[in-house]
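Here, each number is a calculation from the coordinates, and none is a lab measurement. These figures come from a predicted structure and were not determined experimentally. Using ideal geometry, Cβ is built from the backbone for each residue, glycine included, and neighbour counts are taken over all protein chains shown.
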């Protein structure tokens, strides 16, 4: 079963969910979750459920107490101080302390291929629909920290974009494309660079490579070999390489990082 989750407190998430229901034939079940309706659609002999929670998305560590999905997709708003219109994907989890939900030093399992399919569709629809939006990977951050393959598909980065129904529809189609395609790509762990890594996004959009977890420059000082190994192990597909945004890593961190990667034994590529 694939589970799509949206918070009733999240305007962008609710708009994306509405566009999923408007464009795809989901059946409303008699079943409820937190007194909200549950919707179901079968896609290629797989059940896809859409549910609503009353909690903030980052505080849904409890969700797998009620559901055991093979893939969990949170649809939500994205916020940033820049306010740049953005369609983004990422895996949740905490590389260090748990400041915004989840569990400290625990990342969710990353569905790299599903994230890449979502990103590819976001990029295609941005052009097709004439959306003035950036399409990007985000790094691994915030809760929840779950033991099932989990990803976020987000619309941001300010209230103006959260209300943009055309952009919400693009995210809706992108999520459903990933649900339908179920592709398999060669997967890399990305390390270095900013929170929104343009290099890794460009690689994913122009080659077969998909990224699972992404560790940004600012998190490297708080990350050790154990966390890096966890990011490799907690990826749905085998991680075939580690791609380093070499200029996006502080000189003071490079030696320690390479030493940690040598212990893990995954091939390294610098870009």
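Sorting 140, 53 on the 10 Å Cβ count, fewest up front, what's the list?
53, 140
Calculate how steeply helix 11-23 sits against the longest principal axis of the alpha-carbon atoms of the chain, using the helix alpha-carbon long axis, and give the answer as 0 to 90 degrees to the nearest 10.
It works out to around 60 degrees.
Of 27, 45, how do they rank once you tally other Cβ atoms within 10 Å and put the fewest first?
45, 27
Just to check, using Stokes-Einstein with a Kirkwood Rh over alpha carbon pairs, what's the diffusion coefficient of the chain at 4 °C and 1.567 mPa s in µm²/s?
In µm²/s, the coefficient rounds to 70.
Sort 54, 229 so that the residue with the fewest other Cβ atoms within 10 Å of its own Cβ comes first and the one with the most comes last.
Final ranking by Cβ density, sparse to dense: 54, 229.
How big, in percent, is the set of alpha carbon pairs in the range 97-182 lying more than 17 Å apart?
Result for the distance tail: 52 percent.
If each residue of separation counts as 0.36 nm, what is the full-extension length gain between residue 183 and residue 266 once their alpha-carbon separation is subtracted?
Difference between extended and current length: 27.6 nm.
On alpha-carbon atoms, Rg over Rh for the range 179-271 using Kirkwood Rh?
With Rh from the inverse mean 1/r over Cα pairs, Rg/Rh is 0.96.
What FRET efficiency do you get for residue 36 and residue 70 if R0 is 22 Å and r is their Cβ-Cβ distance, rounded to the nearest 0.05?
0.50
Run through the DSSP bridge list for the range 81-237 and note the antiparallel percent, rounded to the nearest 5.
45
Report the rotationally averaged projected area of the range 67-140 based on its alpha-carbon convex hull, in square nanometres.
Answer in nm², one decimal: 6.0.
Got a sec? Which residues in the range 191-218 would a label at residue 252 touch, if it sits 7 Å along Cα→Cβ and we count backbone N under 13 Å?
218
Which residues does a label at residue 124 reach in the range 176-200, if reach means a backbone N under 19 Å from a point 7 Å past the Cα toward the Cβ?
Answer for this model: 176-186.
Considering only the chain, what is the antiparallel percent among its DSSP beta bridges, to the nearest 5?
Percentage antiparallel, nearest 5: 30.
Please work out the FRET efficiency for the pair residue 79 and residue 27, using the Cβ-Cβ distance as r and a Förster radius of 35 Å; give the result to the nearest 0.05.
Given R0 = 35 Å and the Cβ-Cβ separation, E is 0.60.
What angle, in degrees between 0 and 90 and rounded to the nearest 10, separates the Cα long axis of helix 165-181 from the longest principal axis of the Cα atoms of the chain?
In the chain, helix 165-181 runs at an angle near 70 degrees to the longest axis.
Would you calculate a helix-derived [θ] at 222 nm for the chain, using -39,500 (n - 2.57) for each DSSP H run of n ≥ 4 and dividing by the full residue count, to the nearest 500?
The helix-only estimate for the chain comes to -9500 deg cm²/dmol at 222 nm.
Enter the mean projected area of the convex hull around the alpha-carbon atoms of the range 1-153, in nm², rounded to one decimal.
The orientation-averaged projected area of the Cα hull of the range 1-153 comes to 9.2 nm².
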